[in-house]
1. With the requirement that a residue be more than 18 Å from I71 (Cβ to Cβ), small (G, A, S) and crowded, with 23+ Cβ neighbours inside 10 Å, what does region 176-195 give you?
2. Could you list, in sequence order, all residues of region 231-247 that are over 14 Å from the mean Cα position of the chain (by Cα) and of a type in the set (G, A, S)?
3. Given the conditions (1) small (G, A, S); (2) within 15 Å of the chain's Cα centre (by Cα); (3) on the phi < 0 side of the Ramachandran plot, and given that S145 satisfies all but one, which numbered condition is not satisfied?
4. Could you pull out the residue among Y231, Y204, Y199, Y250 that is in contact (Cβ under 8 Å) with a residue 60 or more places away in the chain, touching a helix residue (DSSP H, G or I) at 6+ places or on another chain (Cβ under 9 Å), farther than 21 Å from A154 by Cα and assigned to a helix (DSSP H, G or I)?
5. Check whether at least one residue in region 176-183 is β-branched (V, I, T) and assigned to a strand (DSSP E or B), and report yes or no.
6. Does T166 qualify as being part of a helix (DSSP H, G or I) and at pLDDT 95 or above?
7. Using the structure shown, decide if C44 is in a strand (DSSP E or B), at pLDDT below 90 and under 20 Å from the mean Cα position of the chain (by Cα).
8. Would you check which residues across region 59-94 are out of contact with any strand residue (DSSP E or B) (no Cβ under 6 Å at 6 or more places or on another chain) and of a type outside the set (A, V, I, L, M, F, W, C) and list them?
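The values are calculated or read from the model by the stated rules, or taken from the named source; none is laboratory data. It should be emphasised that the depicted structure is a prediction, and the values quoted were computed from it without experimental measurement. Neighbour counts run over all protein chains shown; Cβ positions are idealised from the backbone, glycine included.
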Amino acid sequence: MKHNFKRILSTILAGAICSACMLTGAASGTTASAASNTSGGVVCSDQLGDGHIVFYPESLLVQDEATYPVIVWANGTMCAPVLYYSLLSDLAADGYIVVANRELFAGNGRAQRASIDYITEKNNDASSVFYGKADLAHIGAAGHSQGGMSTVNAAADDARIDCIFTIAANADRSSAARLHVPAFYAAGGSDWIVSASRYVKPAYNSTPSAAVYASLRGAGHTACCTNPSAYTGYMTAWFDAFLKEDSAAYQTFTAGGALSRDTNWSGYAAKNF
């Protein structure tokens, strides 16, 4: 009961911090338009009425046979996708269809699984821009805070997910123990909301599949919102490794690879590679 109370408290605090971050972002003019928006070769399309925001490369609009791996995203507690606009745009720019949803309490993983259902339906809809464009054989999942918990739960319950990347996830060890896909656990060195030692590292330790753990030095709980570039390089490399089968990207995470030598990160650990 004591452990559950601490988890509930961390979720409430995370929601308060994320909400404050959302208000700060809105005040500073970093919010995105609700309509379709094209920037830097990436389209951000708000699927009004469908409950999803989809980021994808502008090249998807070309009438050819190219398909794109899918990443489904889960928000932190009481957070909107707009907070992660730069992060998700960078993933899309690397050649992914990134499907975000508006769920504010995503922990159980159902919203992310529904995002897979959504893009699957659109991939089969001849009237959709995504018709025949989604590579449904290569699907990743990612999330922040409670969204990281969602990511672990979704992958543990859904065989369609091939790998995951979590940021400051207060994931259950029992869910992590059911994972059978590669998992990255990113912690924050100055995150007092979701403690690396209490939540993130224990989830890594419980994961039986290939897994990596690392803590970004000095990062607070919402660093992926305020400093997304600190994460996007390793996020894209992770998905490139397991969704695009990029051997060079894979080496980034092995012992002696770029992450293990990166002084901006501490506590590097990897297993089953």
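1. Of everything in region 176-195, those that are more than 18 Å from I71 (Cβ to Cβ), small (G, A, S) and crowded, with 23+ Cβ neighbours inside 10 Å turn out to be A176, A187, G188.
2. A241, S247
3. Here S145 clears every test but (3).
4. On inspection, the qualifying residue turns out to be Y231.
5. no
6. no
7. yes
8. Listed by number, the residues that qualify are S59, Q63, D64, E65, N75, T77, Y84, Y85, S86, D90, D94.
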